[in-house]
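Read-outs: derived from the displayed coordinates by stated rules, not from any lab. This is a predicted model, so every value here is computed, not measured. Glycine also receives a Cβ, built like all others from the backbone with ideal geometry; neighbour counts cover every protein chain displayed.
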Amino acid sequence: MTIRTASDWRSDATRLRFRRQAFIDGKTVDALSGLTFPAINPASGSTLVSVAACDQADVDVAVKSSRTAFERGAWSAISPSARKRVLLRLAELMMTHADELALLESLNMGKPITDSRNIDVPVSANCIAWNAEAIDKLYGEIAPTGSDALALVTREPLGVVAAVVPWNFPLLMACWKLGPALAAGNSVILKPAEQSPLSALRLAELAMEAGLPEGVLNVLPGLGETAGQALGLHMDVDALAFTGSTEVGKLFMGYSGKSNMKRVSLECGGKTPHIILRDCPNLDAAAQAVASGIFFNQGEVCNAGSRLLVEEPIREALLEKVIAISAGYMPGDPLDPATTMGAIVSKPQMDRVLEYIDSGKNEGAALVRGGKRVRVESGGFFVEPTVFDGVRNDMRIAREEIFGPVLSVVSCASAEEAVRVANDTIYGLAAAIWTSNIDTALSASRRLRAGSVWVNCFDEGNITVPFGGFKQSGFGRDKSIHAIEKYSDLKTTWIKINPTPAAARVLT
Ligand code: NDP
């Protein structure tokens, strides 16, 4: 791989062609209303392109196209190995166009190009490839009946699946839904977040190039309150897969109840406790994990380790290390490969983060690092890595999802107290614990109410393990074979065996 400099990326950016239309039934189209919304570069505040603002009318057209494609069977009824070949081609095309996709991701949502090129794009392509590889290795069941029957238990695709995804990992969150949903044979309508539609629109074209039949993947850029809501309420959408805020996740449950009881799966973020006990086996490694756990992707990560729960005897030493490491996360130009922290996705999101920082100060926490907007002259939305010490778990900065580079440090007197504080939240997406004692690690892991628990590490894992939440972090799992289960339904076919006279003779 050639080493690319900031000026290489900037010069590529000037030549990039942004897709601005919706993608329905294999064609690019304007919204029926003709309305658009701006896709903004959060590193400069400037508009990249105006994108079709789809609403209810476009949703109706897309759902019809998806349903027709599903019933035609050119995707839903072909063999899993045939679907596998197309999806593997898509994964390959994503890697062939990895620089372009990475650039779209960084320009549109502000993340460092090194991360989008080395993490977002390859991990997204791998998700598509892994689901493709898995789908022709799944067998149905034959139930243990008596000799007078044969009962088959098979999995069938659901039909039309809508995926409403957020802006923090636009391509990856889309692929976490598309990989298993398409592999299982469904037609999918993807609504990217209004802040970050550009990579999804390019992905739709690549999917067609890979051989996905028309209507099997439709991409509808648009606002949540219009396009998102119309998908949630649609009577002919069979399932809705969502990642985003708990507030909007609850709306989707309501939409389902008000319409056709479509099944809903929700991944809704959290307030991840990162516990460091006094017998931590490696304080330097823990400090690195604490810093990357909250500053990676500008802190805009659903499982960001936003609450550091540390045993008091090691608090000062750990904090000193975390603050020293945080200097390496000063925000920079997302297109510079040396940048480790980019821009916050939008002005409203930056204002929200700064408002939380004010609330931390007002509630009496000690601001020991950062706290300000920086690089103001760029016109972009950058916030320093920020650390609050002396946080009580009842403060807003310890209870609410900030979705920015803000760490809240809570001192604990014992492992017991740390686990209790860790669970004292409405969320339950993830948790981490550092200790040298395997018994402490395992018993804490059992008591932590979270979908993922990391021991002596943070945010580790790969496509083979499920990811999702307990409590108000949602339900349903992305990744792993379990995600495929979410996009398919079990069917029982019970066949009565009536012995013919000839068969009866054989049996006697
Ligand atoms: P949202 O939950 O509002 O957005 C997620 C997705 O839902 C987007 O596609 C959005 O569309 C759509 N949406 C928004 N409102 C509705 C609605 N009424 N009906 C149907 N769909 C809707 O997240 P925000 O972007 O507003 O971010 C706010 C906070 O949410 C963040 O600060 C963070 O705390 C949390 N969040 C959590 C994420 C996670 O990964 N768990 C990801 C993103 C945010 P649109 O783009 O038009 O808003």
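Couple of notes before you dig in:
- Förster radius 25 Å - calculated FRET efficiency between residue 3 and residue 327 (Cβ-Cβ, nearest 0.05): 0.50
- Eligible lysines near residue 347 by straight Cα distance, threshold 24 Å, same-chain separation 8 or greater: 111, 191, 271, 361, 372
- Cα centroids of the range 38-61 and the range 65-138: 22 Å apart.
- Between residue 96 and residue 11, the modelled labels are 2.5 nm apart [label points 7 Å from Cα along Cα→Cβ].
- Packing, taken as the mean count of other beta carbons within 10 Å per residue, orders the peptides 152-158, 418-424 from highest to lowest as 418-424, 152-158.
- Here the spin labels are modelled as points 7 Å beyond Cα on the Cα-Cβ line, and at residue 72 and residue 149 they lie 3.9 nm apart.
- Helix 121-135 and the longest principal axis of the Cα set of the chain meet at an angle near 30°.
- Anisotropy class of the chain from Cα gyration tensor, a/c 1.5 cut: oblate
- If the chain linking residue 284 and residue 18 were pulled fully straight, counting 0.36 nm for each residue of separation and taking away their Cα-Cα distance, it would gain 91.5 nm.
- Simple rule: put +1 on each Lys or Arg Cβ and -1 on each Asp or Glu Cβ in the chain, find the dipole, and look at 78, 38, 382; the Cα lying farthest toward the positive end is 78.
- Modelled FRET efficiency - R0 25 Å, residue 378 with residue 320, Cβ distances, 0.05 increments: 0.20
- You can think of it this way: the chain between residue 47 and residue 209 has 55.5 nm of extra reach, that is 0.36 nm per residue less the Cα-Cα gap.
- Length released on extending from residue 225 to residue 443, taking residue separation times 0.36 nm less the Cα-Cα span: 74.1 nm
- Cα long-axis angle, helix 56-72 against the chain (0 to 90 degrees, to the nearest 10): 50
- When 296, 252 are arranged by Cβ crowding within 10 Å, least crowded first, meaning fewest neighbours, the order is 296, 252.
- Degrees separating the helix 347-362 axis from the principal Cα axis of the chain, which is the longest one: 50
- Placing +1 on each Lys and Arg Cβ and -1 on each Asp and Glu Cβ, with no other charges, gives the chain a dipole about its Cα centre of roughly 940 debye.
- Which of 470, 295, 18 has the fewest Cβ neighbours within 10 Å, and the rest in rising order: 18, 470, 295
- Distance between the pseudo-spin-label points of residue 494 and residue 35 (7 Å out from Cα toward the beta carbon): 5.1 nm.
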